[in-house]
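Undergrad: Have a look at this one.
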Amino acid sequence: MCGIVGYVGWREAETVIVAGLKRMEYRGYDSAGIAVVTADGVVSRKKAGKLVNLETELVEHPLASSHQGIGHTRWATHGGPTDENAHPHLGRTGRVALVHNGIIENFAQLRAELVADGVEFASDTDSEAVAHLLEREVLDGHGLTEAMRRTVGRLEGSFTLVAIDAQCPDTVVAARRSSPLVVGVGDKEMFLASDVASFIEHTREAIELGQDQIVEITPDSVAVTTFDAEEAPVRPYHIDWDLSAAEKGGYDWFMRKEIFEQPKAVSDTLLGRIGADRLLVLDEMRIDVAHLRSIDSIIVVACGTAYHAGLIAKYAIEHWTRIPVEVELASEFRYRDPIVTSRTLVVTISQSGETADTLMAVRHAREQRAKVVSICNTNGATIPRESDAVIYTHAGPEIGVASTKGFTTQLIACYLLGLYLAQIRDAKFGDEIASLVRELEALPAKMDEVLDDLGTTLALARDLMDCSVVLFLGRHVGYPVALEGALKLKEISYMHAEGFAAGELKHGPIALVEEGLPVFIVVPPRGRDQLHDKVVSNIQEVRARGARTIVLAERDDAEAERFADVFLPLPTVPTLFQPVLAILPLQEFACEVATLKGHDVDQPRNLAKSVTVE
Ligand code: M6R
């Protein structure tokens, strides 16, 4: 939630900050603001609405030249999306400006204290209280870094704070607790941002910040200390993607680009993890093999799309390893007092690696002495940093709020984990694993086939764009695909869409079916138990009641096609891998419907890409 930028160097700060905010607008887009240090002190501009409103404001009321500043794009928590509530917030005298991402839990108490001290608040935000506290410390004679240290000592909650002080030239100071922040290291210039995408056009050298750390940047230096004023180790890393990955590259939406990037993202995620014998090499599994052999249960914890990936993982991991797997929404996990022991393996899945619900689940699991493996797409994010091991999905930056390549690469990581556990626990013969691995390696080419043949899906989007309800059905791993297809449609097209287990329909939801209702049905490949035939029967059940059936099934599945009003063919793959293909037309359908409806596909209403509050 919220994107933060800080800059100090030789370029025009306004240009760097606005460009940086543009690349982070996906994190929150209900207001934006900037503050810079000029010869006349701190000057700020802020506006409700999307970044374009701030850009217009900057044209109408230009800022004086400056090489030191901060910026913010907001997803509102405390206080609605108004000009006043937009960040930056200034202290009482206007000497200090501050931007904040996160939530200050003891805000009411701090605000009461400041009001008693004569401070008049200009906004309803929790963040403004921090600006006043920080300025009070600065006015008491502390340097900006020390003032920040004293201020964070008063705060409860999660935060990234970035601040400037009119009397502290060439310096920007930031603090981080449970909320993302990275430093970009340039040549005589330094950047701070919630996400490296913000400064990727200027530098690919970055520094990770740890929990409870303060960083002071000047054009030539980066000094990292802990909240207790201890010097902290600096952990530099090289960003292995470039500006083109953070741009639309000719597509109308990031989401569309990311849909089409999936074959490559999947092959990148497989890369380096398969040996010549087609067995798995997961060097990053830094958990002792003996321990992994001893685990007696797995709990997968995630939110949204990542949760749907977890539901699919359950089928695969249980089938290959015979270890019982539970899948839990991260926001529910710790509140139900889950049974977690040192023999439980907790697997978290998060594209951003910053989702607060998932992060809290990681912490809870580790407190119960469970080992945590995280599947994550963001190098150095908080969740992987706090986990015992991490399997990175190499999807590259995912900027569209609706997750696409995040999902398919999470599935690949789950398959790799499941097969790896089967391998080290001797739950499967080597040749069985090798044959499944070959099927995984064949997936990118099959994904390309599906993506090359989306004409029917696009036509369908035109036909169905005015429908008020769409249902999605699936059985076995097709069920989470149905949930994910419905989520995609809801979040960007704002249509009422529901996913159901196909067999569950007759226990209630079938009452929703009426003449002409579009129902997508994911049909599993033939040949496994009676799974396929059961789903074909479910198609007939809804069709008999007037539904318009849109059937996703193997290309030559004549039986399924017979009952399809619209048939979306898929290449043949093992049942457990079918979600990687079946989700592709559903993603493109949602993207196209939302486009036709005139929605902002990449920045749907009320949502933010990375949800860093519980
Ligand atoms: O970054 P994460 O994978 O932890 O995010 C989890 C969900 O917030 C995310 O998948 C959300 O549901 C997406 N908007 C779905 O498209």
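Undergrad: Assess whether residue 590 counts as being of a type outside the set (S, T, N, Q) and modelled with pLDDT of 95 or more.
TA: When the stated conditions are applied, residue 590 passes them.
Undergrad: Report, ordered by the first and then the second residue, all pairs with beta carbons closer than 8 Å, sequence separation of six or more or different chains, a first member in region 108-125 that is open to solvent by less than 70 Å² (accessible area, probe 1.4 Å), and a second member that is basic (Lys, Arg).
TA: 110/154; 119/92; 121/111
Undergrad: Which one of 134, 139 is out of contact with any Leu (no Cβ under 7 Å at 6 or more places or on another chain), at pLDDT 95 or above and in the same structural domain as residue 75 (by TED's automatic domain parsing)?
TA: So the residue among 134, 139 that is out of contact with any Leu (no Cβ under 7 Å at 6 or more places or on another chain), at pLDDT 95 or above and in the same structural domain as residue 75 (by TED's automatic domain parsing) is 139.
Undergrad: Regarding region 272-288, can at least one residue be identified that is part of a helix (DSSP H, G or I) and either under 28 Å from residue 204 (Cα atoms) or within 16 Å of the ligand (Cβ to nearest atom) (or both)?
TA: no
Undergrad: Something else about it: Can you name the residue in region 317-337 that is in contact (Cβ under 8 Å) with a residue 40 or more places away in the chain and out of contact with any strand residue (DSSP E or B) (no Cβ under 9 Å at 6 or more places or on another chain) and is also surrounded by the fewest Cβ atoms within 10 Å (Cβ to Cβ) among such residues?
TA: 322
Undergrad: In addition: Taking region 239-271 as the search range and keeping residues that are assigned to a helix (DSSP H, G or I) and among the small types (Gly, Ala, Ser), which one is surrounded by the fewest Cβ atoms within 10 Å (Cβ to Cβ)?
TA: 244
Undergrad: Within 16 Å of the ligand (Cβ to nearest atom), in contact (Cβ under 8 Å) with a residue 40 or more places away in the chain and either in the same structural domain as residue 445 (by TED's automatic domain parsing) or not in a helix (DSSP H, G or I) (or both): which single residue out of 613, 573 fits that description?
TA: So the residue among 613, 573 that is within 16 Å of the ligand (Cβ to nearest atom), in contact (Cβ under 8 Å) with a residue 40 or more places away in the chain and either in the same structural domain as residue 445 (by TED's automatic domain parsing) or not in a helix (DSSP H, G or I) (or both) is 613.
Undergrad: Quickly run through region 119-157 and pick out the residues that are among the hydrophobic types (A, V, I, L, M, F, W, C), farther than 18 Å from residue 227 by Cα and in contact with a Phe, Trp or Tyr (Cβ under 7 Å, 6 or more places away or on another chain).
TA: 129
Undergrad: Out of the strands (runs of 3 or more DSSP E) lying entirely within region 325-382, which hold 1 or more residues that are farther than 25 Å from residue 404 by Cβ, near the ligand (Cβ under 10 Å from one of its atoms) and under 12 Å from the mean Cα position of the chain (by Cα)?
TA: none
Undergrad: If you take the residues in region 576-601 that are open to solvent by 10 Å² or more (accessible area, probe 1.4 Å) and in a loop (DSSP other than H, G, I, E, B), which one is farthest from the ligand (Cβ to nearest atom)?
TA: Step by step, filter region 576-601, then rank; the result is 598.
Undergrad: In addition: Considering region 214-238 alone, what residues qualify as being under 27 Å from the mean Cα position of the chain (by Cα) and open to solvent by less than 30 Å² (accessible area, probe 1.4 Å)?
TA: 214, 215, 224
The values are calculated or read from the model by the stated rules, or taken from the named source; none is laboratory data. Computed from a predicted structure; not experimentally measured. Reconstructed Cβ throughout: ideal geometry from the backbone, glycine too, with neighbour counts over all protein chains shown. For accessibility, only protein heavy atoms count, side chains too; no ligands or nucleic acids. Shrake-Rupley method; radii C 1.70, N 1.55, O 1.52, S 1.80 Å.
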